[in-house]
Amino acid sequence: MSEEKRLAAVIELVNHDAVIVPRGAFFRDAHMKIRPNNFFKGLSRTEAEHVSSYLHFREPSGPLPLTQRTQADDSLDIFDSAEADQPKGTLM
C-alpha cells in the first residue's frame, strides 16, 4: 500500500469519528436526500453547551434505541448522536 493510500485511510478514520454538525443543520427530504437546512440559524447558547445537540456527519451506525426514538424527529435526527461517544467528555 502506498503512503498516499495509508494517509487517505487514516484521514477517513479520523473524519468518521471527528466530523460533527449541530442538530438541525441538515435534514432528510421526502426523497430521502440529505440537504442543508436553510432555516437553521444556529444553536442557542444553552443548546450549544449540550453534547446531545451535536450529531456525527456520517451514515448512522444503526437504528435509534427505543428510549431515544420517542424523542427523535425522523427528518432531523438522521445521524448518530455525539452523546454516545466514548470516553465520555471527549467533545466537551
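The values are calculated or read from the model by the stated rules, or taken from the named source; none is laboratory data. Bear in mind the structure is a predicted one, so any value in this text is a computation, not a measurement. Backbone-built Cβ (ideal geometry, glycine too); neighbour counts: all protein chains shown.
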- Message: What pairs come out if I take residues in the stretch 48-60 that are under 23 Å from residue 33 (Cβ atoms) and of a type in the set (Ser, Thr, Tyr) and pair them with residues that are at pLDDT below 90 and buried (at least 16 other Cβ atoms within 10 Å of the Cβ) whose C-beta lies under 8 Å away, six or more apart or interchain?
- Response: 54/81; 54/82
- Within the stretch 32-47, can you find the residues that are of a type in the set (Val, Ile, Thr) and either without any contact (Cβ under 8 Å) to a residue 40 or more places away in the chain or more than 13 Å from residue 78 (Cα to Cα) (or both)? 46
